[in-house]
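Working notes, beginning with the structure itself.
The values are calculated or read from the model by the stated rules, or taken from the named source; none is laboratory data. The model shown is predicted, which means the values in this text are computed figures rather than measured ones. Here the Cβ positions follow ideal geometry from the backbone for every residue, glycine too, while neighbour counts run over all protein chains shown.
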Amino acid sequence: MQQRAKIIWMAWAVVVLFGFPGMLAGQGSGLPLGNPAYHILDRLEIKTGRPAPFHSSLKYYLRSDVAAYALGVDTARIPLTIRDRRDLYYIFRDNNEWLVTSRFPTRIAGPRESIYSDTLVTQVEASMENPRYTMREKPYLGFLYPTPANMVEVNQKFFHLRANPLLDFKLAREQDDSELIFNNLRGMELRAGIDDRIFVYFNIVETQARFPNYVNQRIARDQAIPGAGLYKTYQSQIFDITNGYDFLNGQGYLAFNLSRHVGLQFGYGRNFIGNGYRSLLLSDFSNNYLYLKANWRVWKLHYQNLFLELAAQSNAGLGANEVLPRKYMAAHYLSFQALPSLSFGIFESVVFSRPGGGFEFQYLNPVILYRTVEHGLGSPDNVLIGLDAKWNFLRHFQLYGQLMLDEFKFKELFIERRGWWANKFGMQAGLKYVNAFGLDHLDLQAEFNQARPYTYTHRDSSSSYTHYNQPLAHPLGANFREALFIARYQPFKRVQLEGRFIRSEFGEDGEGQNWGGNLLLSHNSRELEYGNETGQGINAKTSLLGLDVTYALAHNVFLDLHYFYRKKDSEDDKRDDTTQYFGGGVRINIGKQRMDF
């Protein structure tokens with residue numbers, strides 16, 4: 001059954017790719033999560049009030065949409081500062097294959113016209129005619145970095161390619177620790193397009209790292225490194241490291257369109273739904289996974305289907321040649337842009353496993369409510385429903401929020417209120433303030449997140465809302481409340497300052513206990529039927545402070561300085577922990593890697 005499901009997934013991609021060649025229009029590759037453009041686009045949408053071609057809750061964005069929005073802002077009669085213009089040109093350089101203007105429109109070949117006709121103006125040809133397309137006078141060695149953003153760049157009429165190195169190297173010294181905190185990530189990424197219709201993205205990274213003690217404790221508990229898969233121990237005589245980790249990871253996908261408004265993507269990676277620093281619906285905290293994604297975009301609607309193959313556990317405890325047990329998830333999210341400044345979203349997902357790892361084919365229906373299917377099957381699976389909203393107002397503010405409903409009874413939740421264990425839900429509320437107090441590029445953000453005990457769990461622990469022993473939503477799992485504050489400021493052209501403070505309260509389990517925070521445990525092993533409250537169990541509070549200074553040495557080449565402080569205060573004094581370190585490093589073409597939990 002498991003093999004049959006994989007064959008069907010592949011068949012979908014093959015049929016679409018080769019069965020509808022006359023209907024395809026370029027979808028393009030996505031903007032990697034963590035790219036600086038996400039914050040730039042966020043603040044521009046709030047400041048200008050100009051509606052975007054993308055629905056901001058659904059990440060990642062397509063590079064074509066990102067460039068189109070930046071071009072629209074750049075040519076509109078909107079007052080922009082010099083720093084805003086620099087932000088726009090960062091986007092132009094980073095997405096230079098999509099600088100298509102109305103002067104050079106691209107089009108799909110007609111029914112009697114060859115797609116290879118010389119009369120067609122292709123996407124890359126049109127982009128290179130745009131004055132915003134920046135070329136170097138003398139590439140390094142004659143071919144490296146012909147443009148500021150891309151180490152290798154190929155532009156042919158019906159083919160384009162961009163290839164870039166990936167690097168995140170940093171060192172830090174933790175208080176009262178004789179060994180260094182260390183991260184050495186190296187890799188390569190590539191994106192390409194063929195015939196303005198088929199698009200490919202691929203990256204692969206190799207990492208050696210040594211983490212602070214609180215991260216090591218999390219790895220020991222879950223037998224998984226957050227955001228990674230299979231790992232092995234690592235030692236280094238150069239950096240005097242004896243208890244590090246070594247792991248390999250990568251992402252890749254094939255993207256194309258069924259029609260002008262319906263796109264399909266088959267790949268291996270992660271997705272994010274929401275407008276906050278966290279997401280209670282779907283975040284990028286877990287390891288990469290296999291997925292099939294369909295996007296339906298028409299009028300004011302963006303409807304997305306996701307079909308995921310997940311790992312029911314990590315590799316811990318398995319032999320070297322054993323295959324990880326599988327489970328599956330089907331999800332859909334409908335976003336409605338009610339007004340240029342107001343959008344709503346509805347989310348539904350189901351996580352399930354079957355004996356032998358088979359797929360439940362009824363969940364392949366892209367438009368049905370999964371709750372109805374799950375009821376028809378005898379209610380064996382883990383169904384979650386969510387709401388999402390965003391409102392931009394006064395050209396300075398964005399109000400956003402989420403509500404995740406796992407399970408509840410109206411009477412127990414609103415009338416009797418006895419703390420019933422199955423009142424399982426989470427909520428988020430956040431506010432962003434751009435150009436705060438009239439200061440250009442001072443952006444503030446405040447966010448509150450909460451999830452009641454046992455949220456995201458299921459009676460069958462293999463159907464919990466997890467992948468590779470890692471939460472698919474918030475890093476703390478459940479049984480927590482959290483408040484976070486972020487300040488970003490760009491005082492000079494190449495310098496960015498960022499500070500974040502995160503205060504959280506959560507409940508941990510004692511030996512042989514289940515108080516509802518660990519998503520890997522079945523909710524049938526709960527401690528109480530009634531009287532459950534957020535933070536129950538061994539109550540703990542953490543205060544996290546992070547300060548970053550970033551200098552842009554070149555396009556997507558950053559020098560970083562970090563200060564990090566985390567203090568945990570637990571009811572069990574043996575669990576108290578303090579982490580404090582100062583360090584720095586260099587990043588190339590990759591976002592900041594953080595362990596903020």
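Kindly check whether there is at least one residue in region 387-395 that is surrounded by fewer than 21 Cβ atoms within 10 Å (Cβ to Cβ) and out of contact with any Ser or Thr (no Cβ under 8 Å at 6 or more places or on another chain).
Within region 387-395 (the criterion being surrounded by fewer than 21 Cβ atoms within 10 Å (Cβ to Cβ) and out of contact with any Ser or Thr (no Cβ under 8 Å at 6 or more places or on another chain)), the answer is yes, since at least one residue qualifies.
Look at TYR69 and say whether it is within 29 Å of ILE198 (Cβ to Cβ), buried (at least 19 other Cβ atoms within 10 Å of the Cβ) and modelled with pLDDT under 95. Spell out how you get there, then give the answer.
Values: within 29 Å of ILE198 (Cβ to Cβ): yes; buried (at least 19 other Cβ atoms within 10 Å of the Cβ): yes; modelled with pLDDT under 95: no.
No; evaluated as a whole, the condition is false for this residue.
Given the criteria modelled with pLDDT of 95 or more, in a loop (DSSP other than H, G, I, E, B) and touching a Leu at 6+ places or on another chain (Cβ under 8 Å), does ILE502 qualify? Considered against the rule, which asks whether it is modelled with pLDDT of 95 or more, in a loop (DSSP other than H, G, I, E, B) and touching a Leu at 6+ places or on another chain (Cβ under 8 Å), ILE502 comes out as no. From the list GLY535, GLY531, the lone residue that is in contact (Cβ under 8 Å) with a residue 40 or more places away in the chain and either closer than 22 Å to ASN35 by Cβ or buried (at least 16 other Cβ atoms within 10 Å of the Cβ) (or both) is GLY535.
For region 516-531, check the following and say yes or no: at least one residue is more than 30 Å from VAL557 (Cα to Cα), in a loop (DSSP other than H, G, I, E, B) and in contact with a strand residue (DSSP E or B) (Cβ under 6 Å, 6 or more places away or on another chain). Looking for residues that are more than 30 Å from VAL557 (Cα to Cα), in a loop (DSSP other than H, G, I, E, B) and in contact with a strand residue (DSSP E or B) (Cβ under 6 Å, 6 or more places away or on another chain), one finds at least one in region 516-531, hence yes. Taking the conditions (1) assigned to a strand (DSSP E or B); (2) closer than 23 Å to TYR268 by Cα in turn, LEU171 satisfies each one other than (2). Take the residues in region 404-421 that are surrounded by 14 or more Cβ atoms within 10 Å (Cβ to Cβ) and free of Cβ contacts under 8 Å to residues at least 40 places away in the same chain; name whichever of them is nearest to the chain's Cα centre (by Cα). Going through the qualifying residues, I end up with LEU405. Evaluating ASP440 against the criteria (1) farther than 23 Å from TYR328 by Cβ; (2) modelled with pLDDT under 95; (3) not basic (Lys, Arg) leaves one unmet condition, (2).
At pLDDT 95 or above and of a type outside the set (Phe, Trp, Tyr): which single residue out of GLY430, GLY419 fits that description? Give the derivation first.
On the way: GLY419 fails: at pLDDT 95 or above.
Unique residue meeting the criteria: GLY430.
Between VAL100, VAL121, the distinction of being closer than 26 Å to VAL154 by Cβ, of a type in the set (Val, Ile, Thr) and modelled with pLDDT of 85 or more belongs to VAL100 only. Filtering region 163-178 for residues that are modelled with pLDDT under 95 and either β-branched (Val, Ile, Thr) or under 30 Å from LYS293 (Cβ atoms) (or both) leaves an empty set.
A count restricted to region 189-202 and to residues that are without any contact (Cβ under 8 Å) to a residue 60 or more places away in the chain and surrounded by 18 or more Cβ atoms within 10 Å (Cβ to Cβ) stands at 1.
Within region 343-351, one or more residues are more than 22 Å from SER462 (Cα to Cα) and surrounded by fewer than 22 Cβ atoms within 10 Å (Cβ to Cβ).
Return the residues of region 268-288 that are assigned to a strand (DSSP E or B), in contact (Cβ under 8 Å) with a residue 40 or more places away in the chain and crowded, with 21+ Cβ neighbours inside 10 Å; say none if nothing qualifies. Steps first, please.
Going through region 268-288, the residues assigned to a strand (DSSP E or B) turn out to be 268-269, 272-273, 282.
Next, from what is left, pick out any that are in contact (Cβ under 8 Å) with a residue 40 or more places away in the chain: 272-273, 282.
Scanning region 268-288 gives ILE273, LEU282.
Residue-by-condition table, conditions (1) in a loop (DSSP other than H, G, I, E, B); (2) β-branched (Val, Ile, Thr); (3) in contact with a Ser or Thr (Cβ under 6 Å, 6 or more places away or on another chain); (4) farther than 18 Å from LEU171 by Cα:
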{"position": "GLY193", "(1), (2), (3), (4)": "no, no, no, yes"}
{"position": "ASP196", "(1), (2), (3), (4)": "yes, no, yes, yes"}
{"position": "TYR201", "(1), (2), (3), (4)": "no, no, yes, yes"}
{"position": "ILE204", "(1), (2), (3), (4)": "no, yes, no, yes"}
{"position": "GLN235", "(1), (2), (3), (4)": "no, no, yes, no"}
{"position": "PHE239", "(1), (2), (3), (4)": "yes, no, no, no"}
{"position": "THR242", "(1), (2), (3), (4)": "no, yes, no, no"}
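For region 467-488, a tally of residues being touching a helix residue (DSSP H, G or I) at 6+ places or on another chain (Cβ under 9 Å) and either in a strand (DSSP E or B) or among the charged types (D, E, K, R) (or both) returns 3.
Determine whether ASP560 is in a loop (DSSP other than H, G, I, E, B), acidic (Asp, Glu) and at pLDDT 95 or above.
On the way: in a loop (DSSP other than H, G, I, E, B): no; acidic (Asp, Glu): yes; at pLDDT 95 or above: yes.
The answer is no for ASP560.
Summed over region 475-498, the residues that are touching a strand residue (DSSP E or B) at 6+ places or on another chain (Cβ under 6 Å) and within 15 Å of LEU520 (Cβ to Cβ) give a count of 4.
Name the single residue, out of those in region 361-386 being of a type outside the set (S, T, N, Q) and over 24 Å from PHE272 (Cα atoms), that is surrounded by the fewest Cβ atoms within 10 Å (Cβ to Cβ). If we take residues in region 361-386 being of a type outside the set (S, T, N, Q) and over 24 Å from PHE272 (Cα atoms), then GLY378 is surrounded by the fewest Cβ atoms within 10 Å (Cβ to Cβ). The condition (being β-branched (Val, Ile, Thr) and over 25 Å from GLN217 (Cα atoms)) is satisfied by just one residue among THR534, THR550: THR550.
Considering GLY49, GLY34, GLY28, which residue is over 24 Å from the mean Cα position of the chain (by Cα), modelled with pLDDT of 50 or more and on the phi > 0 side of the Ramachandran plot? I'd like the intermediate steps shown before the answer.
Numbers: GLY34 fails: over 24 Å from the mean Cα position of the chain (by Cα); GLY28 fails: over 24 Å from the mean Cα position of the chain (by Cα).
Within the list GLY49, GLY34, GLY28, the selection yields GLY49.
The number of residues in region 289-312 being surrounded by fewer than 20 Cβ atoms within 10 Å (Cβ to Cβ), of a type outside the set (Lys, Arg) and in a loop (DSSP other than H, G, I, E, B) comes to 1. Anything in region 314-366 that is closer than 22 Å to GLU407 by Cα and in a loop (DSSP other than H, G, I, E, B)? List them, or say none. Answer for region 314-366, where residues must be closer than 22 Å to GLU407 by Cα and in a loop (DSSP other than H, G, I, E, B): SER353, ARG354, GLU360.
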